[in-house]
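K.L.:
Sharing a structure with you now.
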Amino acid sequence: MDKLWEPVKVGALTLPNHLAMAPMTRSRATPKGVPTPLNATYYAQRASCGLIISEGTQPSDEGQGYLLTPGIYTNEQIAGWRRVTDAVHAAGGRIFIQLMHVGRIAHPSNSPRGGASVAPSSVRALGKMFTVAGMQDMPEPRELEFAEVGSTIREFRHAAACAVEAGADGIEIHAANGYLIHQFLSENANRRSDAYGGSFENRVRFAVEVAAAIAAEIGPERTGIHISPGNPFNDIVEGDTTTLYKTLIPELAALNLAYLHVVHSGDQDLMTWFRGAWPTSLFVNRPDRPRDEIAIDVNASLADVASVGRFALANPDLVDRLKRDLPLNEPDPNTFFGGDEHGYTDYPTIAEEPASA
């Protein structure tokens with residue numbers, strides 16, 4: 001794993017290593033979407049990762065789908081995130097805030113507005129959503145009107161500006177895992193007949209316009225984007241995945257963004273194509289990869305940065321443990337979403353673990 005620990009340039013930053021903490025929803029903000037001191041502790045504990053990418057953070061009321069997720073569009077939320085970024089920076093780290101609009105993956109009882117969710121088209125996603133009343137079917141969303149597409153793009157742009165005001169080093173656009181931008185890319189969630197639907201060129205338009213607006217607001221060197229080709233999560237059908245992403249990526253590449261963050265679906269040919277087509281840093285996440293394969297893509301020059309989720313969640317000192325080949329804490333799935341410090345900030349570092357008998 002030696003190459004993993006060399007410095008690497010990403011956008012305007014020089015990271016001390018090639019390891020990123022992947023975005024993970026933890027549902028521990030206030031009901032108003034404000035990060036708390038506990039959130040600041042959690043992220044600061046993991047500041048030795050080359051880059052922290054925050055949990056998905058809604059750019060507006062309409063962008064919220066889950067309970068107790070943070071936002072980044074009000075003054076109170078900006079102040080909450082400032083506590084987080086100050087703590088991370090004080091610990092020597094760097095943090096991008098991920099902007100996530102869930103689109104149709106929502107339930108009215110979880111939304112501050114309480115109304116129907118919005119999506120490219122009025123197509124209900126199969127599946128259930130956790131609410132205060134328990135698991136409930138996700139209802140049919142309301143199709144965004146043409147003018148509302150533009151206003152949603154402006155919400156993303158405003159949220160990016162708020163993130164920088166809050167001290168973030170940049171933002172990551174969530175265009176993966178079946179949420180709003182991915183819904184526009186898909187053929188089953190997007191049944192529009194206007195400039196944002198139908199052809200591959202039209203289906204990628206929303207993603208490109210969001211990225212262009214954010215890059216114009218905060219600079220492309222502070223803007224990353226996250227995709228998950230071939231991922232059917234949240235009832236997504238992309239159709240011809242290869243053609244879809246070979247249409248999208250050149251348009252994004254022209255914006256000279258800081259990085260492209262890809263969830264590796266197993267399509268090695270497409271992954272190799274990304275490496276050649278993308279002009280700046282490439283992040284790769286391989287879900288459920290074993291520990292001894294964390295550096296596989298970096299060592300093979302297929303990626304510039306390896307992003308990891310559960311390893312970072314359960315090991316605040318992950319970098320130290322990997323460098324020294326020390327045992328890792330196992331994550332507790334029962335504490336992934338919601339709750340207090342248990343399974344959040346109380347995972348021990350090696351120094352805090354009791355000495356073995």
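K.L.:
Scanning for something in contact (Cβ under 8 Å) with a residue 40 or more places away in the chain, in a loop (DSSP other than H, G, I, E, B), touching a strand residue (DSSP E or B) at 6+ places or on another chain (Cβ under 6 Å) and closer than 17 Å to residue 17 by Cα, does the stretch 314-335 turn up at least one residue?
P.N.:
No, the stretch 314-335 contains no residue that is in contact (Cβ under 8 Å) with a residue 40 or more places away in the chain, in a loop (DSSP other than H, G, I, E, B), touching a strand residue (DSSP E or B) at 6+ places or on another chain (Cβ under 6 Å) and closer than 17 Å to residue 17 by Cα.
K.L.:
Consider the stretch 64-83. How many of its residues are within 20 Å of residue 21 (Cα to Cα), surrounded by fewer than 24 Cβ atoms within 10 Å (Cβ to Cβ) and touching a Ser or Thr at 6+ places or on another chain (Cβ under 9 Å)?
P.N.:
Total meeting the criteria: 2.
K.L.:
For the stretch 238-291, what are the residues that are among the acidic types (Asp, Glu) and either modelled with pLDDT under 95 or under 21 Å from the mean Cα position of the chain (by Cα) (or both)?
P.N.:
Hits for the stretch 238-291 are 238, 251, 267, 288.
K.L.:
Moving on to the next point. Restricting to the stretch 194-244, what's the tally of residues that are farther than 24 Å from residue 147 by Cβ and not hydrophobic (A, V, I, L, M, F, W, C)?
P.N.:
Qualifying residue count for the region: 20.
K.L.:
Which residues, counting only those in the stretch 336-353, are in a loop (DSSP other than H, G, I, E, B) and either touching a Pro at 6+ places or on another chain (Cβ under 9 Å) or farther than 24 Å from residue 35 by Cα (or both)?
P.N.:
Those that are in a loop (DSSP other than H, G, I, E, B) and either touching a Pro at 6+ places or on another chain (Cβ under 9 Å) or farther than 24 Å from residue 35 by Cα (or both): 343, 345, 347, 348, 349, 353.
K.L.:
Kindly indicate whether residue 326 is over 22 Å from the mean Cα position of the chain (by Cα), among the hydrophobic types (A, V, I, L, M, F, W, C) and farther than 21 Å from residue 91 by Cα.
P.N.:
Yes; evaluated as a whole, the condition is true for this residue.
K.L.:
Residue by residue through the stretch 123-142, note down the ones that are free of Cβ contacts under 8 Å to residues at least 60 places away in the same chain and within 14 Å of residue 179 (Cα to Cα).
P.N.:
124, 138, 141
K.L.:
So residue 207 passes all but one of these: (1) within 15 Å of residue 175 (Cα to Cα); (2) assigned to a loop (DSSP other than H, G, I, E, B). Which condition number does it fail?
P.N.:
(2)
K.L.:
Among the listed residues 86, 61, which satisfies the condition of being acidic (Asp, Glu), closer than 26 Å to residue 10 by Cα and surrounded by fewer than 21 Cβ atoms within 10 Å (Cβ to Cβ)?
P.N.:
Residue meeting the stated conditions: 86.
K.L.:
Can we say residue 311 is farther than 30 Å from residue 215 by Cβ, part of a loop (DSSP other than H, G, I, E, B) and either among the aromatic types (Phe, Trp, Tyr) or in contact with a Phe, Trp or Tyr (Cβ under 6 Å, 6 or more places away or on another chain) (or both)?
P.N.:
When the stated conditions are applied, residue 311 does not pass them.
K.L.:
Using the structure shown, decide if residue 212 is assigned to a helix (DSSP H, G or I), under 25 Å from residue 126 (Cα atoms) and in contact with a Leu (Cβ under 8 Å, 6 or more places away or on another chain).
P.N.:
Working: assigned to a helix (DSSP H, G or I): yes; under 25 Å from residue 126 (Cα atoms): no; in contact with a Leu (Cβ under 8 Å, 6 or more places away or on another chain): yes.
Here the answer is no, as residue 212 does not meet what is asked.
K.L.:
Moving to a separate point now. For the stretch 210-237, what are the residues that are under 28 Å from residue 129 (Cα atoms) and either β-branched (Val, Ile, Thr) or over 19 Å from the mean Cα position of the chain (by Cα) (or both)?
P.N.:
Across the stretch 210-237, the qualifying residues are 210, 225, 227, 236, 237.
The values are calculated or read from the model by the stated rules, or taken from the named source; none is laboratory data. Just so you know, these numbers come straight off a predicted model, no measurement behind them. A quick note on method: Cβ atoms are made from the backbone with ideal geometry, for glycine too, and the neighbour counts reach across all protein chains shown.
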